[in-house]
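Chemist: What follows is a structure written as structure tokens; I'll ask about it next.
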Amino acid sequence: LWDAYVAAGAVIRDKNGKPYIAGVDGIYVSVAHDKELCLVAVSQKEIGIDLERAERSVKNPLALARRYFCEDEVEFLGDSPTDAAFADMWVRKEALSKLIGRGVPCMKEKSVFSKDIRMEKIGDFDGYIVYTAEYSE
């Protein structure tokens, strides 16, 4: 269904790939998907959403954290982050980067712990970690 809206021109992406609804002001969207699941967040304020399988495993989570995460986030994970802890932080960072609107290149610009950011975990969603990110009021 989402692809149908995109194909019909109802959903357009800006130069950085951030989606918006054509001709509609004051409604913001964010999209997260993998092979099995697609989630669309719709809000009256800017929003980012991301998801990842909870059992995601990476070879060297600390090296990836140092490459993409802010210093306080790396410290939060510690010297030997578990796969689960890394996946949880990765989803937060992706949701935040979608909120900012420039994807992975902006990951080190702002911490998920910033006071002007509100992160919300959407429970255990069918084996996925899901977070939304919004600017605090």
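Chemist: Just wondering, is there one or more residues in segment 71-93 that are free of Cβ contacts under 8 Å to residues at least 40 places away in the same chain, over 24 Å from Pro19 (Cα atoms), touching a Ser or Thr at 6+ places or on another chain (Cβ under 8 Å) and not acidic (Asp, Glu)?
Modeler: For segment 71-93, residues free of Cβ contacts under 8 Å to residues at least 40 places away in the same chain, over 24 Å from Pro19 (Cα atoms), touching a Ser or Thr at 6+ places or on another chain (Cβ under 8 Å) and not acidic (Asp, Glu): absent.
Chemist: Scanning segment 109-131 for residues that are part of a loop (DSSP other than H, G, I, E, B) and acidic (Asp, Glu), which turns out farthest from Ser57 (Cα to Cα)?
Modeler: Let us first name the residues in segment 109-131 that are part of a loop (DSSP other than H, G, I, E, B), namely 109-116, 126-127.
Filter once more, so that each one left must be acidic (Asp, Glu): 109, 116, 126.
Numbers: Glu109: 25, Asp116: 30, Asp126: 17 Å.
In this case the residue turns out to be Asp116.
Chemist: Could I ask something else about it? Of the conditions (1) surrounded by fewer than 18 Cβ atoms within 10 Å (Cβ to Cβ); (2) closer than 15 Å to Ala32 by Cα; (3) not aromatic (Phe, Trp, Tyr), Lys110 satisfies every one except a single condition; which number is it?
Modeler: So Lys110 meets the others, but not (2).
Every residue, every condition in (1) open to solvent by 60 Å² or more (accessible area, probe 1.4 Å); (2) touching a helix residue (DSSP H, G or I) at 6+ places or on another chain (Cβ under 7 Å); (3) of a type in the set (Ser, Thr, Tyr); (4) over 20 Å from Ile49 (Cβ atoms), yes or no:
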residue: Pro61; (1), (2), (3), (4): no, yes, no, yes
residue: Phe69; (1), (2), (3), (4): no, yes, no, no
residue: Pro81; (1), (2), (3), (4): no, yes, no, yes
residue: Lys93; (1), (2), (3), (4): no, yes, no, no
residue: Gly101; (1), (2), (3), (4): no, no, no, no
residue: Met119; (1), (2), (3), (4): no, yes, no, no
residue: Ile122; (1), (2), (3), (4): yes, no, no, no
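The values are calculated or read from the model by the stated rules, or taken from the named source; none is laboratory data. Just so it is clear, the model here is predicted, and its values are computed rather than measured. Cβ coordinates were reconstructed from backbone atoms using ideal geometry, including for glycine residues, and neighbour counts include every protein chain displayed. In case anyone asks, the SASA skips ligands and DNA or RNA and just uses the protein heavy atoms, side chains included. Shrake-Rupley method; radii C 1.70, N 1.55, O 1.52, S 1.80 Å.
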